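The block underneath contains the structure these notes are about, expressed in structure tokens.
A short reminder: the numbers here are calculations on the coordinates, not readings from a lab. Every value quoted in this text rests on a predicted model; they were computed, and no experiment measured them. Cβ atoms come from the backbone with ideal geometry, glycine included; neighbour counts cover every protein chain shown.
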Number of protein chains: 2
Amino acid sequence: MQPGFSFTVDATEGAARAGTLVTPRGSVPTPLFMPVATAATVKGVDIGRVRETGAGMLLANAYHLHLRPGEETVEQAGGLARFMGWDGPTLTDSGGFQVFSLARQVRVDEDGAFFRSHLDGSPVAFTPENSMRIQERIGADIAMQMDHVVPLPNDRAVVADAMRRSLRWAARCRSAHARPDQALFGIVQGGLDPELRRESAAGLREIGFPGYAIGGLSVGEGPEAMIATLGVTVPHLPADRPRYLMGVGQPRDIVAAVASGIDMFDCVLPSRCGRNSLVYTFAGQVRLRNARHARDPRPLEEGCPCIACRHGRGYIRHLFLAGEMLGPVLASIHNLTFYQRLVARLRDAVLAGRFEATARDLLAGLDAGAEESGDDAEALGPGDGGPASE
Amino acid sequence: MQPGFSFTVDATEGAARAGTLVTPRGSVPTPLFMPVATAATVKGVDIGRVRETGAGMLLANAYHLHLRPGEETVEQAGGLARFMGWDGPTLTDSGGFQVFSLARQVRVDEDGAFFRSHLDGSPVAFTPENSMRIQERIGADIAMQMDHVVPLPNDRAVVADAMRRSLRWAARCRSAHARPDQALFGIVQGGLDPELRRESAAGLREIGFPGYAIGGLSVGEGPEAMIATLGVTVPHLPADRPRYLMGVGQPRDIVAAVASGIDMFDCVLPSRCGRNSLVYTFAGQVRLRNARHARDPRPLEEGCPCIACRHGRGYIRHLFLAGEMLGPVLASIHNLTFYQRLVARLRDAVLAGRFEATARDLLAGLDAGAEESGDDAEALGPGDGGPASE
């Protein structure tokens with residue numbers, strides 16, 4: 001890896017790893033969960049409170065920041081971290097996924113993606129080269145290659161074409177990327193096809209990246225297919241580089257992915273669910289609008305150090321029912337804290353050589369509250385998070 | 001005053017006073033500005049951040065809490081302060097103003113006000129007696145009498161009738177109020193009429209209260225009329241009791257009211273304006289959506305200790321333009337901090353015997369930024385705050 005960056009595997013158990021990722025703006029332990037700060041803010045949570053959740057690294061989105069406020073403004077403010085007042089490492093997604101999911105009138109060819117902004121309809125071009133330039137100016141510690149994302153399920157030929165184009169774009173990104181204090185990660189594509197995933201991973205290794213992401217998952221394929229795809233992809237990635245599963249996921253998906261050898265995650269679920277009054281605990285999900293919580297003096301989770309858990313459930317429920325902004329804020333803070341505690345427990349378990357038992361216990365607890373989930377409209381299943389922006 | 005409560009005037013300069021209000025849940029310096037936590041939350045600001053603004057005492061609204069979540073829920077949670085996680089004194093407005101401004105199909109007679117909830121249309125009755133019972137169960141340190149509020153301008157006879165009914169209700173509240181660890185304040189009414197205000201103040205003094213509020217102002221009468229009314233009212237209030245000007249106001253109104261002998265304030269303006277991207281500084285108002293702030297690295301106010309001021313103006317502007325919740329949150333925190341710093345400066349000036357010069361300097365600074373105000377829709381003048389809820 002380039003100067004200022006390193007990745008060390010501190011311990012392993014089976015495929016699961018505990019590691020340390022070092023960047024010019026600090027080091028973070030892995031497994032790592034990055035809260036999503038799409039537009040340079042974790043929705044509703046001030047940056048001090050974000051730090052208090054235990055987060056070590058944040059993810060922002062180059063597509064959104066390019067459209068608003070523009071990478072020049074972020075650069076002039078001293079880069080992404082300083083712009084949002086964050087004193088740790090950051091990562092930007094290239095925006096490929098957002099172009100293909102949010103933008104209008106998207107036309108893609110070998111050169112890049114040409115589309116209209118979802119904000120004002122103005123024409124925008126994203127190419128591997130200008131994606132690098134944009135991300136360099138935004139100035140996160142880690143940038144992501146631009147990739148070609150296609151919806152799943154899809155014809156194998158379409159998935160294969162997009163994967164191979166993504167490989168060619170990976171090479172162009174690698175050539176265009178010049179910022180020495182920023183690492184560039186490649187992204188494995190290939191849908192649910194083991195052979196395409198293998199080909200993608202091999203192609204990226206040949207180009208050579210300091211880290212490898214797995215993209216195109218958590219888009220509705222279901223947890224079994226996701227884990228199966230990890231199983232056929234991770235073995236083709238180098239053991240001495242961090243592995244980042246983009247846009248995943250539910251707590252149980254994270255446990256399973258760590259068991260498959262993943263080191264890094266990002267997902268909008270903790271804040272998106274929090275805004276919708278759904279909170280995570282190690283004993284399952286809690287739906288705060290449920291009348292049973294109206295006079296419950298207990299915190300969302302006993303022993304949780306977050307500021308939401310200084311209140312009773314009844315108070316936070318009241319905030320949601322009264323339409324008070326503080327409800328979503330507190331539930332987001334709790335969920336973000338939960339995710340950090342989850343990955344910390346997974347790391348500690350690997351370090352202590354009891355990952356398998358810990359993962360089993362965690363999964364049993366996470367499923368225990370399933371009776372609270374019901375089938376209401378707020379339920380968000382695996383895949384609803386979607387990669388890297390909210 | 002009853003056990004556990006006291007009010008001491010620490011220093012005076014002209015009519016201006018610096019004092020100390022002691023309650024069972026702690027003492028607070030005056031002049032005092034109480035942030036408004038209508039539904040047991042200062043909108044968008046977690047309670048730890050509220051404390052960090054320098055706030056010593058919070059105001060909530062009995063009308064709103066009675067409708068949702070109900071005083072029983074607040075009582076069972078340990079009372080208002082514990083319900084919202086606040087470790088200092090609190091005050092509840094009786095809800096009289098809200099009944100007359102928010103409720104539907106209001107019928108008022110000597111017994112009380114009968115109306116339909118603005119939330120679900122259900123029938124509600126507010127009488128002096130049940131207002132006391134509701135506020136006792138909510139459990140703030142200070143409760144307010146129920147009063148009859150009429151819109152201004154209005155016929156003198158209507159204003160006089162409402163004032164005299166408010167006096168009779170004051171006596172009934174005084175008789176009905178039984179909670180020994182809660183103080184009950186009377187409210188002077190009488191519109192802009194000096195004789196009616198004098199009559200109201202004299203009537204309340206005869207009943208005897210540990211503190212006196214001035215109601216019915218900041219409802220569109222303009223700053224000159226408000227200050228004139230204070231001038232003819234304050235002299236009729238006892239010097240050894242706290243004087244509370246309800247629902248006021250703009251920073252310059254607070255400076256003028258302190259000069260008139262007022263000790264306590266509440267107002268929705270800091271948070272309401274903050275949500276609308278208008279921020280206060282000692283050099284005038286700043287409209288964050290203004291393009292001039294797009295790349296301004298300066299904080300909202302140099303030397304301000306609030307967490308918003310760790311960011312550049314450009315960042316907070318970006319949050320507003322991107323529709324991010326954190327924009328309103330940070331601007332609210334800044335404005336609440338500004339109000340606390342304002343009353344602290346006024347207090348320090350009285351204690352140091354330089355109130356007159358300080359007030360003059362503050363007013364000059366507050367008006368200095370007027371060129372930024374423009375005439376856009378966000379402008380909020382004196383009186384737009386309205387009493388005691390948002």
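Label-point spacing for B:Ala352 across the identical copies (point 7 Å from Cα in the Cβ direction), in nm and ascending order: 5.6.
Its Cα centre serving as origin, chain B has a Cβ charge dipole (Lys and Arg +1, Asp and Glu -1) of approximately 560 debye. Between the Cα long axis of helix B:223-233 and the first principal axis of chain B there is an angle of about 40°, rounded to the nearest 10. Distance from the C-alpha centroid of region B:187-246 to that of region B:297-356: 31 Å, rounded to the whole angstrom. Derived from the Cα gyration tensor, the three semi-axes of the equivalent ellipsoid of region B:108-232 are 24, 19, 13 Å, largest first. Give me the number: length gained by fully extending A:Ser175 to A:Ala15, i.e. 0.36 nm times residue separation minus the C-alpha to C-alpha distance, one decimal in nm. Extending this stretch completely gives an extra 54.4 nm. Residue separation of B:Asp87 and B:Ala364 scaled by 0.36 nm, minus their Cα-Cα distance, works out to 96.1 nm of gained length.
Applying a 4.7 Å Cβ-Cβ cutoff to the protein assembly as shown, the cysteines left without a disulfide-compatible partner are A:Cys173, A:Cys267, A:Cys273, A:Cys306, B:Cys173, B:Cys267, B:Cys273, B:Cys306. Given +1 at the Cβ of Lys and Arg, -1 at the Cβ of Asp and Glu and no other charges, the dipole of region B:148-214 around its Cα centre is 180 debye to the nearest 20. According to the Cα-based calculation, Rg over Rh for the protein assembly as shown is 1.04, with Rh computed by the Kirkwood formula. Between copies, the label points of B:Arg107, set 7 Å from Cα on the Cα→Cβ line, lie 7.0 nm apart, reported in increasing order to one decimal in nanometres. Here region B:1-122 yields Rg over Rh of 1.04, to two decimals, using C-alpha coordinates and the Kirkwood radius. Work the Kirkwood hydrodynamic radius out for chain A: mean of 1/r over every pair of different alpha-carbon atoms, inverted, in Å. Result for chain A, one decimal place: 21.0 Å. Using a Gaussian network model of chain A whose springs link C-alpha atoms within less than 10 Å, name the residue from A:Ile142, A:Ile262, A:Ile227 with the highest mean-square fluctuation. Maximum among the listed residues: A:Ile227. With a 10 Å cut-off around each Cβ of A:310-319, the average count of Cβ atoms from other chains is 5.
How much of the pair distance distribution for region B:54-147 lies past 20 Å, counting alpha-carbon pairs only, in percent? Cα-Cα pairs in region B:54-147 separated by more than 20 Å: 33 percent.
Shape annotation for region B:190-238: C-alpha extents along the principal axes are 30, 18, 14 Å, from largest to smallest. Dividing the summed helix terms, -39500 (n - 2.57) for each DSSP H run of n ≥ 4, by the number of residues in chain B produces a 222 nm estimate of -12000 deg cm²/dmol to the nearest 500.
Each of A:Gly112, A:Ala368, A:Ala257 was scored by the projection of its Cα onto the charge dipole of chain A, and the greatest displacement toward the positive side belongs to A:Ala368; charges sit on the C-beta of Lys, Arg, Asp and Glu. Hey, if you put +1 on the Cβ of every Lys and Arg and -1 on every Asp and Glu Cβ in region B:30-102, which of B:Leu91, B:Leu80, B:Ala39 ends up farthest toward the positive end of that dipole? With unit charges placed on the Cβ atoms, the residue in question is B:Ala39. Note: region A:13-70, Cα convex hull, 112 Å³ per residue.
A:Pro297 label point (Cα plus 7 Å toward Cβ) to equivalent points in the other copies: 5.2 nm, shortest first.
Set the Cα radius of gyration of region B:292-331 against 2.2 N^0.38 Å, with N its number of residues, and you get 1.05. Length gained on full extension, A:Asp348 to A:Asn130: 74.4 nm, using 0.36 nm per residue less the C-alpha separation. For A:Met163, the shell of other residues with beta-carbons less than 11 Å away shows a net charge of +1, using +1 for Lys and Arg and -1 for Asp and Glu. Dipole magnitude for region B:98-207: about 60 debye, using +1 per Lys or Arg Cβ and -1 per Asp or Glu Cβ, origin at the Cα centre.
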